[in-house]
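A short worksheet on the structure shown next.
Values in this text are rule-based calculations from the coordinates and carry no lab data. Source: prediction; values computed, not measured. As a convention, Cβ positions derive from the backbone with ideal geometry for all residues, glycine included, and neighbour counts pool all protein chains shown.
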Amino acid sequence: MHFQFMLNMKILSTLIFSLLTTILFAQTVNYQVEIVEFRISGCDDGFGSDEEPTWKAWGRDDINTAFVGGSCFEQDANEPFTHNVGNTLLIAQSATNATAIDIKLEAWEDDNISSADRCSYDSGDDCHVDNVFPSIIFQNDPHCTWNQYVLTSGNFSVVVRINWEYTIFDGGTNVIDCSTTVSLASQGSGSWSVLSGNNGSFADINDPSTNFSGSLGSYALLWSSFPNCLNVYAPDTVTVDFISTPSPNMTVSSNTICEGTDVTFNAQNGTIYDWSLNTNGNIVQSDGSGQFVLTPSIADDIVYVSSNNGTCSGTDSISFTVNPSPTPTISENGGILSTQTYPVYLWYFNGSPIPGATSIDYVPTQGGSYYVEVLNSSGCLGQSDPIAFSAVGIDELMTNLSIYPNPTSGVLHVQSELPITFATVYNSIGKKVQVSLINNELDLSQLSSGLYIVSLSINSHIITKRVILSK
């Protein structure tokens, strides 16, 4: 009972270790079990304390369920008595996933000393035991060393020792990693050491799956067999290379991103680049160019890139806001083309920019296609749809119109057979100036000398004249 209690306590104290060992090292093990001693205490037969202890011992593991051993030993001696067996081999074998050893003991004090068969128990013998002891979970105890166990039943004890090891000895595969800490994956009973490399260390040198930490560079690690194993294996070398993670260093061609306007993102230090839009992993382009051209919409707000150098990947991102592009429209009123209010304008005629036409409105001087390009307060460019402007009838009106004198020193006289709806005067850069038509006269005397355009609305047509003011 005392042995069983102590053995159960030992099992409980190492339960977690046992579970981890079973999971990590579910492999073939080598073990050797030896009977070291046999003991008898008590069982005095009343004849001068002269005892005749007789015993047999068997063993088995939890994979091979048949007991082996059972050789008979007998001795005439006084109790208490200890027999040094001298490391008598009981069982030595390999078993896949074996974790426990069972020991069976049959023993008695033989009273029939005249019997020729001391190894057969009969009813006249004393203190007979025939017992299978609780399993010895040998993998709970250190490997590659002799672990001793005392098993007691009644007046008899047997001392057992077990040495065990893993039969597969392998340092594992070489490792290339993008960090500076890796988990190793060796097998067998051994310990780790650094053969070459700078500033490397192990979390536990005796753990086959320990973590190894170092700095960027290459290491040669040595997995060496414990010296007291049943079999001492040749050391195995594992190479660990810690590779730096590439930094993409992403840049963008413009911090002002306008809807519908191409913007270019660039990344570095990779051989393959994965570009994702709005959500990391939403890959929209993968190649080796390191460049991503985006035509953004209002809903777009971030670009990610993963730079891969063949082994390691580094990520970067740029968040942004997409500003809406303006959508100007053109209206025509009395021969004047106008658009909405924006900070900057440029008018086009038949696809070409009109020099100086940078105002909110423009007075056409000939028939054709006109559109306006504008820049809003966010710096985004927008373009209107073209509008066709007809100049039919202008030539006929001009034959009945005269503006004089030209050049003028101040006052222009306007003569027309048809009524003039309104008159507008622009300077040489297209800016409207404050001049009113009174009694068919335009007074330019308050203006600076230079070139001016006089725009007259006659019969729903716009007639323009260039005049020179010279004071």
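Tally Lys/Arg at +1 and Asp/Glu at -1 over every other residue whose Cβ is under 14 Å from the Cβ of Asn228; what's the total?
-1
Pairs of lysines in the chain whose Cα atoms sit within less than 22 Å of one another amount to 6, provided the residues are eight or more positions apart or on different chains.
Net charge of the neighbourhood of Ile257, taken over other residues with C-beta under 15 Å away and scored Lys/Arg +1, Asp/Glu -1, is -4. Against the chain, whose longest principal axis is taken from its Cα atoms, helix 2-13 shows a tilt of about 10°.
For a test of the definition: using alpha carbon positions, the gyration tensor, and the 1.5 limit on a/c, classify the chain as rounded, prolate or oblate. Don't skip to the answer; put the middle values down first.
Numbers: a/c = 7.56, a/b = 5.60, b/c = 1.35.
Prolate shape, in that a/c is at least 1.5 and a/b is the bigger ratio.
Approximating the spin labels as points 7 Å out from Cα along Cα→Cβ, the Thr327-to-Thr82 distance works out to 10.1 nm.
Apply the a/c threshold of 1.5 to the C-alpha gyration tensor of region 263-317 and tell me whether it is rounded, prolate or oblate. Each step should come with its number before you reach the end.
Values: a/c = 2.43, a/b = 1.75, b/c = 1.39.
It comes out prolate by the Cα gyration axes.
Of all DSSP-defined beta bridges confined to region 394-469, some 95% are antiparallel rather than parallel. Full extension of the segment from Asn400 to Gln268, taken as 0.36 nm per residue of separation minus the current Cα-Cα distance, would add 40.4 nm. Computing FRET efficiency as 1/(1 + (r/R0)^6) for Thr311 and Ser286, where r is the C-beta to C-beta distance and R0 is 25 Å, gives about 0.90.
Summing Lys, Arg as +1 and Asp, Glu as -1, what charge do residues with Cβ under 15 Å from the Cβ of Ala92 carry, Ala92 excluded? Before the final figure, lay out each step's value.
Numbers: positive: Arg60, Arg161; negative: Glu34, Asp61, Glu165.
Net local charge, Ala92 excluded: -1.
Relative to the longest principal axis of the Cα atoms of the chain, the long axis of helix 15-24 lies at roughly 70 degrees.
Cβ-to-Cβ counts within 10 Å put Ser390, Ser455 in ascending order as Ser390, Ser455, the fewest first.
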